[in-house]
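Beneath this line is the structure, given in structure tokens, with notes to follow.
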Amino acid sequence: MTMRTSRRTVTFARPFSLRGIEIEQPAGTYTVETDEELLEGLSFPAYRRVATTIFLPSRPGDLVSGQLVTIDPLQLEAAEQRDARNS
């Protein structure tokens, strides 16, 4: 399978939470990656999303340097919209 990865940054003006992330995340800029695989056998290139992840930087006192968490892209979009309305 041929894969492609796209990367973008999202900025939250206020703390936010997403399903699958245990604690509320602080306002800031986050890197989001989307992995897609090429659908074979079509007469044109088409891709299917396989995973969307967000990189959560470490917090003071954390033992790990950061965490990559799989998220629902629709929930991320909803969180971005809520943040924009409340800013």
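Summary of computed values
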item: Within the chain, helix-based [θ] at 222 nm, where runs of 4 or more DSSP H residues each add -39,500 (n - 2.57), nearest 500; result: -5000 deg cm²/dmol
item: Correct option for semi-axes √(5λ) of the Cα gyration tensor in Å [calculated from the coordinates] among (i) 28, 16, 10; (ii) 34, 12, 10; (iii) 40, 21, 10; result: (i)
item: Length gained when the stretch THR34-ARG7 is fully extended (0.36 nm per residue, less Cα-Cα span); result: 9.1 nm
item: Crossing angle, helix 73-86 versus the chain [Cα axis fit, 0-90 degrees, rounded to tens]; result: 40 degrees
item: Fluctuation leader among SER65, SER17, SER43 - the chain, Gaussian network, Cα springs under 10 angstrom; result: SER43
item: Solvent-accessible area, 1.4 Å probe, carbon plus sulfur percent, for the chain; result: 50 percent
item: Pairwise centroid distance, computed over Cα atoms, of segment 58-75 with segment 1-39, Å; result: 10 Å
item: Most mobile of ILE71, ILE21, ILE54 in a GNM of the chain (Cα contacts under 10 Å); result: ILE21
item: Cut-off under 5 Å, modelled amide H: who pairs with LEU39 long-range; result: ALA46, TYR47, ARG48
item: Relative contact order (%) - the chain, alpha-carbon pairs under 8 angstrom, separation at least six; result: 28 percent
item: Lys/Arg +1, Asp/Glu -1 at C-beta; the chain dipole; positive extreme among GLN67, PRO15, THR52; result: PRO15
item: In Å², nearest 10: area of TYR47 left accessible to a 1.4 Å probe; result: 80 Å²
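The values are calculated or read from the model by the stated rules, or taken from the named source; none is laboratory data. It should be emphasised that the depicted structure is a prediction, and the values quoted were computed from it without experimental measurement. Glycine gets a Cβ as well: all are built from the backbone with ideal geometry, and neighbour counts include every protein chain shown. Side chains are part of the model used for accessible areas, which takes the heavy atoms of the whole protein and leaves out ligands, DNA and RNA. Shrake-Rupley method; radii C 1.70, N 1.55, O 1.52, S 1.80 Å.
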